1. Determine, yes or no, whether Q63 is exposed (fewer than 10 other Cβ atoms within 10 Å of the Cβ), among the polar types (S, T, N, Q) and within 30 Å of C189 (Cα to Cα).
2. Restricting attention to region 55-108, and to residues there that are within 16 Å of ligand 4 (Cβ to nearest atom) and outside any loop (DSSP other than H, G, I, E, B), which single residue is farthest from D145 (Cα to Cα)?
3. Can R45 be described as assigned to a loop (DSSP other than H, G, I, E, B) and within 16 Å of ligand 3 (Cβ to nearest atom)?
4. In region 109-152, which residues are part of a loop (DSSP other than H, G, I, E, B), among the hydrophobic types (A, V, I, L, M, F, W, C) and more than 7 Å from ligand 3 (Cβ to nearest atom)?
5. S36 fails exactly one of the following numbered conditions: (1) in a helix (DSSP H, G or I); (2) touching a Leu at 6+ places or on another chain (Cβ under 9 Å). What is the number of that condition?
6. Quick check on V107: is it exposed (fewer than 10 other Cβ atoms within 10 Å of the Cβ) and either within 30 Å of A203 (Cα to Cα) or hydrophobic (A, V, I, L, M, F, W, C) (or both)?
7. Does at least one position in region 137-144 carry a residue that is more than 24 Å from I100 (Cα to Cα) and away from ligand 2 (no atom under 11 Å from the Cβ)?
8. Quick check, is R176 on the phi < 0 side of the Ramachandran plot, modelled with pLDDT of 80 or more and not hydroxyl-bearing (S, T, Y)?
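The values are calculated or read from the model by the stated rules, or taken from the named source; none is laboratory data. Source: prediction; values computed, not measured. No Cβ is skipped: glycine too gets one built from the backbone with ideal geometry, and neighbour counts run over all protein chains shown.
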Amino acid sequence: MDPLPPLPDGRNRARTGYVLGGLAVLFVALAMLFLSTMREHVKPRKAIPLVDTKFLATTPWRQTYADLVKAKADLSDYDCYGCHEKNKPPTLRFDENQKIIVPQEHVNIVMGHGSHGRNNLCFNCHNDKNLTTLQVRDGREIGFDNIPQLCGTCHGPNYRDWEAGAHGRTSGYWDRSKGDIVRLSCANCHNPHSPRIPTREPAPGPHALRAVEESKPHDAAH
Ligand code: HEC
Ligand code: HEC
Ligand code: HEC
Ligand code: HEC
């Protein structure tokens, strides 16, 4: 059996004392550093404002012709033959870049259907022979109160999804014995003349676990 190691002599004992003392000071310093940074983490955070009621509104942001009729609102924009002559379809005018010119009387209309204005021709949707109706690819006439039928002839997959309830919004009753289901029209969400839905500011998010840098708002025009 090996003999036990010899006890340290006086000089070694003193050295051990210095090392232990030094370590104790170091640990106290580290603990203080830790506590000081902890206090930084619990500094009060900016209060999140209550959700703006505009984020809770369920009324669609656009009214269609059918909604205007129901609300008995002003329908003068739809009185096409108050200004146009019957049996004389308006002529379409274009600038030198083949971009359609929207006349002064229709300034409320901003055309931008498709990323390159691919569907900006009025008579792709309006009926040149009867301005008070819409027309689809096969020549069928459709009333202004039946917009999804029009959109569906060119946007088949979206129309299919909309009918199935996967695109758009369905309200009303699950239990059909209690009442009907209601589907919002394409034109409640998409402006037929410029259907891309404008980006909207998001509602405020929750607090992050740690303080994060304030993010800048996204560039709205992308
Ligand atoms: C306040 C009067 C007024 C009303 C209401 C009106 N229009 Fe017009 N519209 C005009 C005038 C003026 C022009 C330009 C001259 C022209 O082409 O006859 C025009 C031009 C047009 C054009 C040609 C656009 C172009 O780019 O050249 C179309 C298509 C058209 N109107 C469709 C309609 C339809 C569809 C309605 C009804 C839903 C309607 N308008 C209601 C006054 C009116
Ligand atoms: C005559 C065919 C036609 C009809 C009718 C039509 N669209 Fe379009 N739509 C197009 C084309 C073409 C594009 C461009 C696709 C592209 O750029 O890739 C487009 C693009 C779109 C887009 C994508 C956004 C954009 O501007 O690129 C939306 C949303 C849209 N249409 C909605 C509608 C709605 C809603 C209706 C009914 C009011 C409708 N469309 C009727 C042909 C049509
Ligand atoms: C993609 C199909 C589409 C095209 C292309 C289109 N329209 Fe329309 N337009 C509609 C639909 C659908 C409505 C009914 C809107 C509603 O109910 O919200 C409408 C409504 C209107 C109205 C009455 C309401 C208003 O906003 O004044 C006028 C006038 C009109 N369109 C003129 C035009 C003219 C002029 C052009 C060409 C420069 C044109 N439209 C191109 C689908 C189209
Ligand atoms: C409740 C609102 C709402 C209704 C109703 C609605 N859409 Fe949309 N639609 C959207 C949103 C949101 C987007 C995605 C945003 C964007 O790309 O502009 C979109 C995207 C689209 C696109 C862009 C292409 C794609 O698939 O990304 C087309 C085309 C379209 N919708 C057609 C239609 C048609 C046709 C109808 C009616 C049969 C309809 N939408 C009804 C909200 C709606």
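1. No: the conditions fail for Q63.
2. F55
3. no
4. V110, L131, V136
5. (2)
6. yes
7. Yes, because at least one residue in region 137-144 is more than 24 Å from I100 (Cα to Cα) and away from ligand 2 (no atom under 11 Å from the Cβ).
8. In short, yes.
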